[in-house]
Amino acid sequence: MIKTTALLLKTVRFEHTAFALPFALASAFVASNGWPRGWVLLWILVAMVGARTTAMAFNRIADLHYDRANPRTADRALVTGALRARQLWVALICSAAAYFLAAGMLNRLTLALSPFALAALLGYSYTKRFTVWTHWILGLCLGLAPIGAWIAVRGRLDPPPIILGLAVTVWTAGFDIIYACQDVEFDRTRKLFSIPARWGVRRALVISTANHFATFWLLALFGQVAQLGWLYFAGVVLLVPLIWWEHHVVRPTDLSRAEIASFFTNGVFSIVLFLFAAADVVYISSRMRI
């Protein structure tokens, strides 16, 4: 049981929950003007983990045919047989049930919108088969996280989470394009769609950089619209060297650090942004009480 659980967590890349979850938490803190209520925070966490696990499990099942053919993914547990598809289906059903339970425990609007959000997450798995916009569709899926968290807290949708959701969309597209550079030849052979496969690695990296420029502009706009303070903006400025490093270490002629640039760097990015955003709203709320 322990071995199977470990394989499941590795298969769905559980650690990559660090991408969308911090943005959801940042949105929840801003929407609450400080610390969210404990039970709201708990169910947001359950919803986020449940939704992402469901999406990743489905993605692994949907892409099994391609993962078997791609040398880069040939060691995945589902490909080698260390994990069976039915085990992944059980994990998918359980995580989806947890997601819908959490949505129902939050409020009526989150429950009403939850099937549409999950449909988007599952539908993403097939987008690489027909559109180069797959990177931005993935970004949109992650961008739903701060929007959903805001609705969970306030029971309505306002402009700030939409702007933050757009920031997450272009941020995700930026690093997903870098990640996709590793599979250019495979994608072309299998007639799969991606920016690197369509335009080449060099142009893809330029497009990735443009997306990350847009990310910082949208993060600054979010801070203004949400009326955040200097702590938040300091955090945004602090993240500039991190993204610079990400683009500096990945070259058209050297993609050896594409995965660490895509995943580790951006995991740190989202966590740091959450910490500064949360610290900012907690600080502001404490000053207002004095």
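None of the figures in this text is laboratory data; all of them are computed from the coordinates on show. Remember, predicted model here, so these are calculated numbers, not experimental data. A quick note on method: Cβ atoms are made from the backbone with ideal geometry, for glycine too, and the neighbour counts reach across all protein chains shown.
Per residue of the chain, the DSSP helices (runs of n ≥ 4 H) give a summed -39500 (n - 2.57) that works out to -25000 deg cm²/dmol at 222 nm. Shown here: Cα extents along the principal axes in Å, derived from the displayed model; of the candidates [x] 57, 43, 34; [y] 62, 41, 32; [z] 72, 41, 33, it corresponds to [y].
Residues whose amide H falls under 5 Å from that of residue 83, counting only those 5 or more places apart or on a different chain, are 78, with hydrogens built in the peptide plane.
Placing +1 on the Cβ of every Lys and Arg and -1 on the Cβ of every Asp and Glu, with no other charges, gives the range 19-111 a dipole of roughly 120 debye about its Cα centre. Can you bin the range 87-137 into rounded, prolate or oblate? Criterion: square roots of the alpha carbon gyration tensor eigenvalues sorted a ≥ b ≥ c, rounded for a/c under 1.5, prolate for a/b above b/c, oblate for the rest. Oblate, because a/c is 1.5 or more while a/b does not exceed b/c.
Residues in the range 228-242 carry Karplus couplings, in order, of 7, x, 5, 4, 4, 5, 5, x, 4, 5, 4, 7, 4, x, 5 Hz; the curve used is 6.51 cos²θ - 1.76 cosθ + 1.60 with θ = phi - 60°, and Gly or Pro positions show x.
Applying the Karplus relation 6.51 cos²θ - 1.76 cosθ + 1.60 with θ = phi - 60° to the range 126-136 yields 3J(HN,Hα) values of 9, 5, 5, 7, 9, 8, 6, 6, 3, 5, 7 Hz, where x marks Gly and Pro. The trypsin sites (Lys or Arg not before Pro) found in the range 83-147 that occupy coil by DSSP, while having at most 15 further C-beta atoms within 10 Å, are 84.
Whole-Hz Karplus values for the range 262-279 come out as 6, 9, 4, 4, 7, x, 4, 3, 5, 5, 4, 4, 4, 4, 6, 5, 5, 4 Hz, taken residue by residue from phi with 6.51 cos²θ - 1.76 cosθ + 1.60 and θ = phi - 60°; glycine and proline positions read x. Which shape class, rounded, prolate or oblate, goes with the range 66-186 when its Cα gyration tensor gives a ≥ b ≥ c as root eigenvalues, a/c under 1.5 marks rounded, and past that a/b bigger than b/c marks prolate? Oblate, since a/c reaches 1.5 and b/c is not below a/b. Hey, what angle do you get for helix 2-11 against the long axis of the chain, alpha-carbon based, 0 to 90 degrees rounded to 10? Orientation of helix 2-11: about 90 degrees from the principal axis.
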